[in-house]
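Data first, discussion second: the structure below is written as structure tokens.
Here, each number is a calculation from the coordinates, and none is a lab measurement. These figures come from a predicted structure and were not determined experimentally. No Cβ is skipped: glycine too gets one built from the backbone with ideal geometry, and neighbour counts run over all protein chains shown.
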Amino acid sequence: MNTITKNYIGTENYQIFNIDNRDYVFLTGVHDVMEIVNPELKKYFSVHTNKMKTEVAEQLTQTITTLREQKCKPALERKLEAPKQMMITLNTTHGCNMACKYCFASTQKDKMSVMPLSVAQKAIEGIVKENPQVEKFSIYFFGGEPLLHKPFIKAVVPIARDIMKKYNHTVSFMLNTNATLLDDPDLLKFMHIEDFVVTVSIDGPKTINDENRIFHNGHGTFDRIIKGMQLLRDYQVKFNLRATFSPQTRNLVEVFDFFEQQKATFAYAFTVPSSTKEAEKTQFTDNDLERLDKELARIEDYYLDKLLRQEIIYQTDFRLKWAYLQNQHINVSGCEAGHGEFIIDEKGNYYPCQNLLPFAETRCGNIEDGIDKDKCHEFGVQKLSELDNCQNCWCRFLCGGGCATERYLNRGLKSISNRCKLTQLEWKHMISLFIKYHFAGEKNIE
């Protein structure tokens with residue numbers, strides 16, 4: 001078998017797609033998709049043959065490399081600028097009235113206590129003082145289940161407004177909930193008046209949701225969640241939906257269709273591995289990825305049909321990825337953890353991200369001592385150029401290095417993680433869909 005020589009760009013810089021017996025190449029960093037019609041180029045991108053003349057290969061490599069540098073270099077050289085918007089997440093409580101099979105949140109009675117108002121006030125004011133360049137702050141009530149402590153939420157809003165007024169900033173409010181405790185007219189009126197945006201956690205239709213999202217007595221939560229969603233509509237409270245997919249989630253096309261039928265924007269995430277949960281509930285194996293590959297192919301066809309019918313697509317993850325491809329956007333960082341967002345636990349400790357709450361060593365400051373920027377950099381967002389394990393990945397400029405929590409969980413891992421493989425699968429099917437809809441037969445590389 002021949003190996004790639006210095007005359008060829010490496011496989012980390014492109015990905016080949018064969019659609020309807022036509023070959024396309026996605027050029028990493030150029031973020032362009034082009035059909036390969038020249039037989040010599042077929043040889044160039046066939047990594048096991050490489051039978052082109054040396055001078056031809058060198059010329060093509062130089063052309064592609066120049067394109068990448070023109071596109072990527074300015075983005076890579078940009079500093080991680082101070083954020084203009086920032087999200088302050090208050091971990092209102094670790095307690096929850098549910099017992100989701102994959103969740104890291106505690107459901108023990110001794111964890112049901114609420115964050116003291118003094119902690120919330122110090123945390124908000126401290127972060128605002130340390131970030132004078134931020135123009136708009138968002139306060140995000142998180143848990144556990146924050147609606148176990150409704151008086152706390154009502155009390156924090158005027159406190160936050162007074163702080164923002166004092167420092168001449170604007171503020172908005174968000175809340176994450178399982179939607180089972182929304183039968184409170186006063187709360188609903190309050191959230192409408194204060195212009196809250198509520199994120200409702202639900203995993204799909206009844207049979208799928210109730211597989212994992214259950215009450216302590218083992219009963220499913222779907223009917224109560226649907227009732228809560230209707231109450232939000234009745235009181236004109238803005239809301240969106242968020243699903244969590246575990247390795248045991250099946251029939252994803254059915255799940256996505258359920259969410260699209262709700263006519264509310266929705267996002268999804270895959271479970272984060274947890275030492276307190278059974279591995280099969282949170283950790284994706286190679287067999288799981290093989291199955292997901294097939295399911296994502298079906299989802300690809302599902303969304304192609306919606307695009308061709310010019311229907312509204314409510315999935316925010318799809319919208320974002322599509323915009324990246326459409327605008328040839330270069331991502332050089334993966335998230336805002338410890339940079340544009342912080343979470344504060346009940347004791348007043350700062351963490352870069354809510355998924356890092358179970359790991360005390362990732363704390364990046366507290367309300368008394370302020371933010372530890374070195375810790376933020378160690379456990380939060382990092383630039384793609386700093387991530388050695390990402391440099392050999394063909395979709396690195398799409399995910400920007402991915403999730404900070406995943407990097408922490410996979411620290412020391414020499415090979416690519418299954419979460420990275422999952423990300424590659426998602427992008428592979430998105431690009432394939434993009435080609436089928438927008439590029440097939442239109443753009444050639446000669």
Study note, to complete from the structure: In the chain the DSSP beta bridges are antiparallel at a rate, in percent to nearest 5, of 35
Check your understanding: Across the Cα atoms of region 65-171, what radius of gyration and what greatest pairwise Cα-Cα distance (Dmax) are found, in Å?
Key -> 19.0, 60
Revision key, fill the gap. Taking placed amide H atoms and a strict 5 Å upper bound, the residues 5 or more places from residue 87 or on another chain that come that close are 138, 341, 342
Study note, to complete from the structure: The percentage of Cα-Cα pairs in the chain separated by more than 43 Å is 18
**Study point:** Sorted peptide list for 217-223, 372-378, 339-345, criterion being average Cβ within 10 angstrom, highest first
**Key:** 339-345, 372-378, 217-223
Revision key, fill the gap. For the chain the mean separation of alpha carbon contacts under 8 Å (6+ apart) over residue count, i.e. relative contact order in percent, is 17
Revision key, fill the gap. Among beta bridges assigned by DSSP with both residues in region 160-291, the antiparallel ones amount in percent, to the nearest 5, to 5
Review point. What's the angle, to the nearest 10 degrees (0 to 90), between helix 117-130's Cα axis and the longest principal axis of the chain?
Key: 40
Review point. By how many degrees, between 0 and 90 and to the nearest 10, does the Cα long axis of helix 418-434 differ from the longest principal axis of the chain?
Key: 70
Check your understanding: In terms of modelled amide H atoms, which long-range or inter-chain residues lie less than 5 Å from the amide H of residue 270?
Key -> 245
Revision key, fill the gap. Phi angles of region 65-74, converted by Karplus (6.51 cos²θ - 1.76 cosθ + 1.60, θ = phi - 60°) into ³J(HN,Hα) in whole Hz with x for Gly and Pro, give 4, 4, 4, 5, 5, 5, 7, 8, 4, x
Review point. Can you list the HN-Hα couplings for region 216-227, worked out from phi with the Karplus curve (6.51, -1.76, 1.60; θ = phi - 60°), rounded to whole Hz and with x for Gly and Pro?
Key: 4, 7, x, 6, x, 10, 3, 4, 5, 5, 4, 4
Check your understanding: For residue 170, which sequence-distant residues (separation of 5 or more, or a different chain) have an amide H within less than 5 Å of its own amide H, given hydrogens modelled in the peptide plane?
Key -> 137
Point to revise | Which of 88, 314, 353, positive extreme of dipole for the chain (C-beta unit charges) | key: 88
Check your understanding: To the nearest 10 degrees, how steeply does helix 150-166 sit against the main Cα axis of the chain, on a 0 to 90 scale?
Key -> 70
Point to revise | Pairs from 150/227; 136/166; 227/306; 129/154; 150/238 whose Cα-Cα separation, in the structure shown, is over 25 Å | key: 227/306
Check your understanding: From the phi of every residue in region 284-295, what ³J(HN,Hα) in whole Hz does the Karplus formula 6.51 cos²θ - 1.76 cosθ + 1.60 yield, where θ is phi - 60° and glycine or proline is x?
Key -> 7, 8, 4, 5, 4, 5, 4, 5, 4, 4, 5, 5
Point to revise | Where only alpha carbons of region 373-434 are counted, the Rg and the Dmax (Å) | key: 12.3, 41
Exercise for review: Kindly provide log₁₀ I(q)/I(0) values, in the same order as q = 0.15, 0.17 Å⁻¹, from the Debye equation applied to equal alpha-carbon scatterers of region 85-284.
Suggested key: -0.97, -1.19
Exercise for review: Would you mind calculating the relative contact order of region 85-284 from Cα pairs under 8 angstrom and at least 6 residues apart, reporting the percent as a whole number?
Suggested key: 21
Review point. Any idea which of 196, 241, 133 is furthest toward the positive side of the dipole for region 85-284, if Lys and Arg beta-carbons carry +1 and Asp and Glu beta-carbons -1?
Key: 133
